Amino acid sequence: MTFVGSSKSSYVKGTLFFLVIWAFLLYWLASSPAENVQDGEIMKRINGALRLVEDCKQRNTELRQIIDNLMSSTLDKKEAQNLIDKLEYKEKKHSIALKQFAESLHDETYTPHDDTYHYDNVILGSPNNQPLAEYEHLRRRIRTNTMEMWNFFSNEFGKLRSKLVGDKPELAEQIKNVLELGVEHKRSLINDQDRLRKVDGYEGWRHAESKDLSDLVQKRFNTMQNPKDCDSARKLVCKVSKGCGYGCQLHHLVYCMIVAYSTERTLVLKSKGWRYHRGGWEEIFQTVSDTCTDYDAVHAKMWPGSPDTLVVNLPIIDSLQPRPSFLPLAIPADIAPRLKRLHGDPIVWWVGQFFKFLLRPQHDTQEMLNNGLEKLGWKKPIVGVHVRRTDKIGTEASLHELREYMSHVEDYFRTLEASSNGTTVKVPRRVFLASDDFKVIEQARKQYPDYEILGDPEVAKTAGVSTRYTDGSLNGIIFDIHALSLCDFLVCTFSSQVCRVSYEIMQAMYPDASERFKSLDDIYYYGGQNPHNRRVVIEHKGKNANELTLKPGDLVGIAGNHWDGWSKGKCKRTGENGLFPLFKTIDDVTVVDLPTYSNS
């Protein structure tokens, strides 16, 4: 079977195309005066040319194979048309690649944007090339379950080894060797899963979808906060100074804005006399509204008021009655399908969008942040570590030694280095360390000389309880959170608000940063949240009084992950509390109908 204009002509076109590229490269290399170009630039261009030539050879082989298939007498019409489409697609891609390479020779800032292209070993693909939601869910579930499996086996083998060290040291040594090889298996699996995401051709869609969703939400926030007529606009008043630390106060503001968004009210901040900066929020960050910053206090009523109440004062989340369904961990119904496909933990993305709007720095604040990063000599890759000490320890959180944090930091870097193609490259060890105890930074530099520890002990000193409410302390905590959110990975304790805020802000910088953390204690939560449930997908029969017996479809209110393969929760069907394997459940995302600001 033959198709005119598709088989022989395509083969000729492919062969001629390959020869034209060779001629072009030879002409370019011969006509570029080396004396006018730096040696590094010459090598860069030659390497680019060689990569393109190698790609040409591979494409030419693929063209031959496709054409051979087209010439097969057993090929039906549908299969033939698919091959023709594939052939034309590959030729189009190749033409684009050549065009991009040619333009890059003359424009150092040129960035390819047509169809599928490569960037830092990532195949971005076309923004229109969308994955199935099931594929994205399954890809993330495989990663989560890989970590849960490692947590389980490493913990169980670790306990066995501890029991055998005294009586059977040889067996204990064997278990140690198994654990050492096991962690290499785990790193390789995680590395391969990350590479799968990078080369599956959907990264272009992930970036485009993330931007599109963020732009939509930010536009809605602007509409909400800048009504056409401020006098007649319904308002929600939020007092900034909740009686808690900076991270807690930031979460209070997000809660206020979530309520304002969900009730279609313009948020008005009452921030003068703020304990962190007496001049108010607006001297540090941009105003939350350009057109509506005042309200009629005389006619203000306490929450919930009524739909026609012009001004409502909002209490702190702990005192909110009645409690609406739209509080965290809920996400808007109209964007829920898109968001659940894009992101591994939709509520964190949703909270991150509020921070993106609220934490727009004033000029002086931005200068402080820029100067701080420049002073540190900021480079990537870098892991952010937040070590909370002082008033938290012994009350809200347990003490975790520095070595616990650093073991996970080292594991992250070794995972980066794990490669299945034999090209392992040593990754520089770099850490940004933030703490409210300056001694921790000095300790890290002394105990880990192979690491570049970025951090300022003087900033840590201002985070102490006695100096916390000063301008110097405020700048310090703003910078620490900003720097932590810019890191590639976070190691911290989610019992700390600073840690959770940094993680939430990070979500606005990637399509999905839900896996870029290691918490030494709590799972992610939002203070004052509504229940966090997981739905059972695999049956579990409890083997002792501590384990839950679960059936598919059951809801389990999760209380925490023990990071040893077991989580703690309450089965809603039986009312029992106990342990269960997290991998047998999936997150039950709360979805509520919220305003869409469709007239914006």
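The values are calculated or read from the model by the stated rules, or taken from the named source; none is laboratory data. Fair warning: this is a prediction, and the values are worked out from it, not measured in the lab. Don't worry about glycine lacking a Cβ; one is built from the backbone with ideal geometry, like all the others, and counts go over all protein chains shown. The accessibility values were calculated without ligands, DNA or RNA, using every heavy atom of the protein model including side chains. Shrake-Rupley method; radii C 1.70, N 1.55, O 1.52, S 1.80 Å.
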Task: R0 of 45 Å, Cβ-Cβ distance Gln193-Asp294: FRET efficiency to nearest 0.05 - done: 0.30
Open item on the list: Not counting ligands, DNA or RNA, and with a 1.4 Å probe, what is Ser126's accessible surface area in Å² rounded to the nearest 10?
Closed with: 30
Task: Largest to smallest accessible area among His532, His137 [probe 1.4 Å] - done: His137, His532
Open item on the list: I want to check a number: in region 152-265, how many lysine pairs have alpha carbons closer than 26 Å, given a sequence separation of 8 or more or different chains?
Closed with: 14
TODO: State the percentage of accessible surface on region 514-600 attributable to carbon and sulfur atoms; use a 1.4 Å probe and exclude ligands, DNA and RNA.
DONE: 49
Task: Relative contact order, percent, region 261-415 [alpha-carbon distance under 8 Å, six or more residues apart] - done: 17
Open item on the list: If you count only protein heavy atoms with a 1.4 Å probe, what accessible area per residue comes out for region 125-169, rounded to a whole Å²?
Closed with: 67
TODO: Set the Förster distance to 35 Å, then compute FRET efficiency between Leu216 and Asn371 from the Cβ-Cβ distance, nearest 0.05.
DONE: 0.55
Task: Quotient of C-alpha Rg and 2.2 N^0.38 Å, computed over region 261-313 - done: 1.27
- [ ] Convert each backbone phi in region 470-477 into a coupling constant with the Karplus relation 6.51 cos²θ - 1.76 cosθ + 1.60 (shift: θ = phi - 60°), then list the ³J(HN,Hα) values in order as whole Hz, x for Gly and Pro.
- [x] 10, 4, x, 5, 4, 4, x, 6
TODO: Tell me the trypsin sites (Lys or Arg not before Pro) within region 518-600 that lie in a loop according to DSSP and have at most 11 other beta-carbon atoms within 10 Å.
DONE: Lys541, Lys543
- [ ] Leaving out ligands and nucleic acids, note down the accessible area per residue over region 458-566 with a 1.4 angstrom probe, in whole Å².
- [x] 37
TODO: Treat each spin label as a single point 7 Å out from the Cα along the C-beta direction, and report the Thr287 to Arg139 distance in nm.
DONE: 4.3
Task: Virtual spin-label span in nm between Arg403 and Thr470, 7 Å along Cα→Cβ - done: 3.5
TODO: Provide Asp564, Asp167 ordered by accessible surface of protein heavy atoms (probe 1.4 Å), highest first.
DONE: Asp167, Asp564
Open item on the list: From the protein chains alone at 1.4 Å, what is the descending order of accessible area for His363, His343, largest first?
Closed with: His363, His343
